[in-house]
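Contents: one structure, followed by commentary.
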Amino acid sequence: MNLIKYRFRKIAAILLVLFVVTSCDIFDLDINTDPNNPTAVTPDLLLPSVMYNASANFAGGVNSNSHGFVGAIASADDFNLSVTSYTGLWANLYTGSLKDLDEVIKFTTNAGNLPGYLGVAQVLKAYYSSLLVDLWGDVPYFEAWNGNNLADPNRNPVYDGGSAIYDDCFALIDAALVNLAAVDPTNMASGDAMYGGSRTKWIAAANSLKLKLLMQTSKVRDNKAAIAAVLGQPLIATTADDWQFQFGKTLNPDNRHPWYQNAYTGAENGYNYMSQQMMYEMFRDGDPRFPFYFKRQTTKILNFDDPTERSTAPCTQTVGCKYGYIVLNTGTFNTRAELQAAGRISNPPTAADNAYLAGIFGRDRGDRAGVPLDGSLRTAPGVYPAGGYYDDGGFNSAGSALRAVRSNNAFGNGIFPMITATMVKFYRIEAILTGQVAGTADNAKVLFEAAIREHIAKVVAFGRALDAVSVTPSSASVENYVSLWLGKWDAATDNNAKLNIMFKQAWFSNLGNGFEIYNGFRRTGFPTDIMPPIQRVRQFALRLPYSLDDLTLNQSVTDAQRETVFDQDAVFWDVLKFKF
């Protein structure tokens, strides 16, 4: 899937000066064209760069924050955001990958004979633009990328309504479906770093994106007929068709997964803390994905009689923790007793039990204590989705992992899952349970079971492909886990309760794409059992704050943008407007 690995050198050689256009034409002399400085680049060269750069931006810090907003990772989970929080991301998107994508669309439109590449670019623009709306609400869009238009330059684009942008995204998808189905002899394999040039898979991705956006707006629009219609079209149905970007392993240029770069390339783990709740519940329930998701770094139990070690343990500096230092937690919420009741540890715990639990080292949601020197202790992202290590349980006599999370020793070619077969099944379940389409809870249950099994198989296959020490979970462990969740489904007394169960499973299954979890929560309020933040600076983030740079420099900015408050003003499709 990751064709970008062998395209990077070629791309880097020609893109250094691409699209740097000024209004000065003093050097516009009548001389021969310099072949080393092209004024336009064909889509097979530019599109892989767009795919990588956009994926790197969306899969990085804002992805971690989106997980943090819903308690899946301890990143921005206290909602301490400001107009400077996303200035770099905003600039990277508007002057980098999305600008280049717009150039691909203009080039292929003008060429008139590249419908395949045009269709791919249109699907990508619809996906990325819908994310802009989901994250910021109203954003510059229709005038956003015309700054270098010599005939009519516009460097101060107005902010367009999120609903209007969504309408254009639907139009882009429909146009893309026509283009992808058109007769086109162009071989796109070298320019498509996601599907290797498969128009069939792009068509399924386009329809799946349409389904996603229809479900996203189903509380503010009557989408029933459109949802029923798109369900009759080809969709992403198997993991082989998942729409995702796989990063590379190279260091120069460094095109590895952003989470991997944060966790594995320094002297010790520098990534955010993983969620105590997510890790704890996955371990308690015997989730077969646990060692693929999380890489434990220690088996040593910290000594609370030693002030230095005590201050290093999770939540010893904060009042109100629920999970805290899991291996020693016997407080109001007694992790030891619950794990014993679930049959996950012995009573009393064995040395092996305690050693394993000592490595489940994250943070409770909203723990705002300072960051101690615990980089060599905190749980790191695993092989899925970040391309790190599978947790093989290998530790030395001092309690340190034999395969250490540092010095760039793992892989790095993780994935950013954009829309997967599992997500599509979740959309279909939601459509049934909310009455968007005909169906029963039993129909939804079949999809629910298939989604769980499918995602476990995907995670395991991905881990084994990257990390040879990965171990396929036993059939019994998979069956026990599936049975546990089907029991939860059956115990839910109505469709709303079943929807809550589905979104909780999506909370686990969508690790790697925090936007799915964040959007689902804002749309429905599910799952309802996420631990509230212990401490928080602001209310729940209904959107991201705008970039200070654009608010300051863009002359088309109005008071409507300046006065938008991220924890008060929801995006157009959010009717819930969640508050703690």
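The values are calculated or read from the model by the stated rules, or taken from the named source; none is laboratory data. Please read all numbers here as calculations on a predicted model, not as lab measurements. Positions of Cβ are backbone-derived with ideal geometry, glycine not excepted, and every protein chain shown enters the neighbour counts.
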What number of residues in segment 326-355 are touching a Ser or Thr at 6+ places or on another chain (Cβ under 7 Å) and either aromatic (Phe, Trp, Tyr) or over 21 Å from Ala72 (Cα atoms) (or both)?
-> 3
Does Val424 fit the bill of being of a type outside the set (Gly, Ala, Ser), in contact with a helix residue (DSSP H, G or I) (Cβ under 6 Å, 6 or more places away or on another chain) and either in the same structural domain as Thr299 (by TED's automatic domain parsing) or at pLDDT 95 or above (or both)?
-> yes
Subset of segment 181-192 [surrounded by fewer than 23 Cβ atoms within 10 Å (Cβ to Cβ), touching a residue at least 40 places away in the same chain (Cβ under 8 Å) and within 20 Å of Phe245 (Cα to Cα)] | Met188, Ala189, Ser190
Determine whether Tyr271 is more than 21 Å from Tyr128 (Cα to Cα), touching a helix residue (DSSP H, G or I) at 6+ places or on another chain (Cβ under 6 Å) and either part of a loop (DSSP other than H, G, I, E, B) or free of Cβ contacts under 8 Å to residues at least 24 places away in the same chain (or both).
-> yes
Of all the residues that make up segment 160-192, how many are more than 30 Å from Val571 (Cβ to Cβ) and among the small types (Gly, Ala, Ser)?
-> 5
For segment 145-163, how many residues are under 20 Å from Ile173 (Cα atoms) and at pLDDT below 95?
-> 1
Number of the condition not met by Asp550 [criteria: (1) over 28 Å from Trp259 (Cα atoms); (2) among the charged types (D, E, K, R); (3) touching a residue at least 40 places away in the same chain (Cβ under 8 Å)] = (1)
Residue that is free of Cβ contacts under 8 Å to residues at least 24 places away in the same chain, over 30 Å from Gly248 (Cβ atoms) and crowded, with 22+ Cβ neighbours inside 10 Å, where the choices are Asn334, Asn347, Asn329 | Asn329
Restricted to segment 55-74, and to residues that are among the small types (Gly, Ala, Ser) and out of contact with any strand residue (DSSP E or B) (no Cβ under 8 Å at 6 or more places or on another chain), which residue is surrounded by the most Cβ atoms within 10 Å (Cβ to Cβ)?
-> Ser66
Wholly within segment 500-566, which helices (runs of 4 or more DSSP H) include no fewer than the required count, namely at least 1 residues that are surrounded by 22 or more Cβ atoms within 10 Å (Cβ to Cβ) and of a type in the set (Lys, Arg)?
-> 514-524
Please state which of the following conditions Val120 fails to meet, knowing it meets all the rest: (1) assigned to a loop (DSSP other than H, G, I, E, B); (2) in contact (Cβ under 8 Å) with a residue 60 or more places away in the chain.
-> (1)
Consider Gly359 carefully, then state whether it is touching a strand residue (DSSP E or B) at 6+ places or on another chain (Cβ under 9 Å) and within 27 Å of Asn480 (Cβ to Cβ).
-> yes
If you go through segment 76-96 one residue at a time, do you hit one that is surrounded by 23 or more Cβ atoms within 10 Å (Cβ to Cβ) and of a type in the set (Val, Ile, Thr)?
-> no
Condition broken by Ala451, with the remaining ones in (1) in contact (Cβ under 8 Å) with a residue 40 or more places away in the chain; (2) surrounded by fewer than 16 Cβ atoms within 10 Å (Cβ to Cβ) satisfied = (2)
Those residues that are buried (at least 23 other Cβ atoms within 10 Å of the Cβ) and either among the aliphatic types (A, V, I, L, M) or not assigned by TED's automatic domain parsing to the domain that holds Arg428 (or both), I need them from segment 454-465; list them, please.
-> Val459
Could you check, for segment 128-146, whether at least one of its residues is in contact with a helix residue (DSSP H, G or I) (Cβ under 9 Å, 6 or more places away or on another chain) and free of Cβ contacts under 8 Å to residues at least 24 places away in the same chain?
-> yes
Would a scan of segment 43-60 turn up a residue that is in a loop (DSSP other than H, G, I, E, B) and in the same structural domain as Gly196 (by TED's automatic domain parsing)?
-> yes
Test result for Ser483, part of a helix (DSSP H, G or I) and out of contact with any Pro (no Cβ under 7 Å at 6 or more places or on another chain) | yes
Could you list all residues from segment 236-266 that are out of contact with any Asp or Glu (no Cβ under 8 Å at 6 or more places or on another chain) and in a helix (DSSP H, G or I)?
-> Ala240, Asp241, Pro258, Trp259, Tyr260, Asn262, Ala263, Tyr264
